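The values are calculated or read from the model by the stated rules, or taken from the named source; none is laboratory data. From a predicted model like this one, the values you see are computed outputs, not experimental measurements. Cβ: placed from backbone, ideal geometry, glycine included. Neighbour counts: every protein chain shown. The protein model used for the area step is the full one, side chains on, heavy atoms only, and it has no ligands, DNA or RNA in it. Shrake-Rupley method; radii C 1.70, N 1.55, O 1.52, S 1.80 Å.
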Amino acid sequence: MQWTFGVSEVTTWPWSFDEDITRYAALGARTIEVWEMKLDPDPQKRRAQLASAREHGLTVSSFQADVHALFPTHLQPEPQGFDDRFNAFTATLEACAPVIPGAVFVLNTGIATKGDVGAAFERTVLGYGKLARRAANLGVTLALEPLHPLAMNEDSFVWNLEGALEIVDAVGHSALGICADAWNLAGQFGLDVRLERCRDKIFVAQVADYRRPRSFLDRLVVGDGSTDFAPFFAGLRAARYRGPIVLEIFSRNVPDSLYDGDLDAVISRSRDALARYFGEPPR
């Protein structure tokens, strides 16, 4: 399987955007997942930042907007209103997409208001349909990420591939697909077969290792936890996924936070572990 190694900026939360693009390239990454929180608030400066990634040999594989769910989430509870959140995401999409053609903007659903998943599903399908059409016109795509069951009623009402596919199929637009995250899908039965059913709809794949979390943001270097990656990677192969493998590690509100240690090692050790599955990535 041909593969490209990428790093999400949340993996190096303490670093600046400029540090990220310089150091990722030096550590063997060829693509970056940008987090809006690291970009300059000035529109002109942020466009220059996004353009500078390519100067360091990095493409922008994916993008995490500050508001990337149409309902409130644990990480981003404000604004509360559906329309306000839709407009906030649309503004980010329209400002950034022209500079990063081909990028995937990652979405979560957020929390269903008063537990009414039926109503939230219907509103989400309508909202995603509008966003998918806008994304296609801007030359980018969107990917809905099913989250781990631990995030239920905190960040998402979609926690497995089937739930995500149901929304993607209901929208029925080629600009909307799925973000498959190994940590979020860890331990789900028959994962390889279920990923294969998502053929042509997996737009980005993310990895981190798993242990029993002690906070909402507690993940590990690939190879240091309990995840059996074999079904995940077999499923990606069966689904003919050809996109990047993006390292996305959260490590906050835990006493042994990786953010307090050697982040170069976090990236290089994870990259070496992935190479044992796929072989060395092209440099």
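Surface composition of the chain: carbon plus sulfur atoms hold 50% of the accessible area, using a 1.4 angstrom probe and ignoring ligands, DNA and RNA. Per residue, the solvent-accessible area of the chain (1.4 Å probe, heavy atoms of protein chains only, all protein chains present) comes to 42 Å².
Spacing of the modelled spin labels on Ser52 and Thr4, each 7 Å from Cα toward Cβ, amounts to 2.1 nm. The charge dipole of the chain, taken about its Cα centre with unit charges on the Cβ atoms of Lys, Arg (+1), Asp and Glu (-1) only, comes to about 720 debye. Taking a point 7 Å from the Cα of Leu126 along the Cα-to-Cβ direction, the residues of the stretch 65-96 with backbone N closer than 15 Å to it are 70-71, 82-87. Multiplying the residue separation of Ser16 and Ala275 by 0.36 nm and subtracting their alpha-carbon distance yields 90.6 nm. The orientation-averaged projected area of the convex hull spanned by the Cα atoms of the chain comes to 13.2 nm². Per-residue 3J(HN,Hα) values for the stretch 5-17, derived from phi via the Karplus relation 6.51 cos²θ - 1.76 cosθ + 1.60 with θ = phi - 60°, read 8, x, 9, 7, 5, 5, 4, 10, 3, x, 7, 7, 4 Hz in sequence order (x marks Gly and Pro). Cut-off under 14 Å on the C-alpha distance; same-chain residues fewer than 8 positions from Lys114 excluded. Which aspartates and glutamates are left, in chain and number order? Result set, ordered by chain and number: Glu154, Asp155.
About its Cα centre, the dipole of the stretch 150-205 is roughly 140 debye, where the only charges are +1 on Lys and Arg Cβ and -1 on Asp and Glu Cβ. Taking every Cα-Cα distance in the stretch 96-197 and sorting them into 10 Å bins from zero, the calculated P(r) comes out as 16, 45, 32, 6 percent. Annotation: amide H of Val204 within the under-5 Å range of Ile178, Ala180, sequence separation 5 or more or interchain, hydrogens built in the peptide plane.
With q set to 0.22, 0.27 Å⁻¹, the log10 of I(q)/I(0) for the stretch 216-283, from the Debye formula over equal scatterers at the Cα positions, is -1.05, -1.33. Charge tally around Glu19: other residues with Cβ under 12 Å, Lys/Arg +1 each, Asp/Glu -1 each, net -2. Only helices enter this figure: runs of n ≥ 4 DSSP H residues, each worth -39500 (n - 2.57), summed and divided by the residues of the chain, yield -11500 deg cm²/dmol at 222 nm to the nearest 500. Setting aside same-chain residues fewer than 8 positions from Lys130, which lysines have a Cα under 23 Å from its Cα? Leaving aside lysines fewer than 8 places away in the same chain, those within reach of Lys130 are Lys201. The phi-based Karplus calculation (6.51 cos²θ - 1.76 cosθ + 1.60; θ = phi - 60°) puts the 3J(HN,Hα) values of the stretch 214-221 at 10, 7, 5, 10, 9, 10, 10, 4 Hz, whole numbers, x for Gly and Pro. Taking Cα centre as origin and charging only the Cβ of basic (Lys, Arg, +1) and acidic (Asp, Glu, -1) residues, the dipole magnitude of the stretch 168-240 rounds to 40 debye. Sorting 145-153, 117-125 by average packing, meaning the other beta carbons within 10 Å per residue, from highest down gives 145-153, 117-125. Couplings 3J(HN,Hα) of the stretch 61-69, computed from phi: 6, 8, 9, 10, 6, 4, 10, 10, 9 Hz, in residue order, whole Hz [Karplus 6.51 cos²θ - 1.76 cosθ + 1.60, θ = phi - 60°; x for Gly and Pro].
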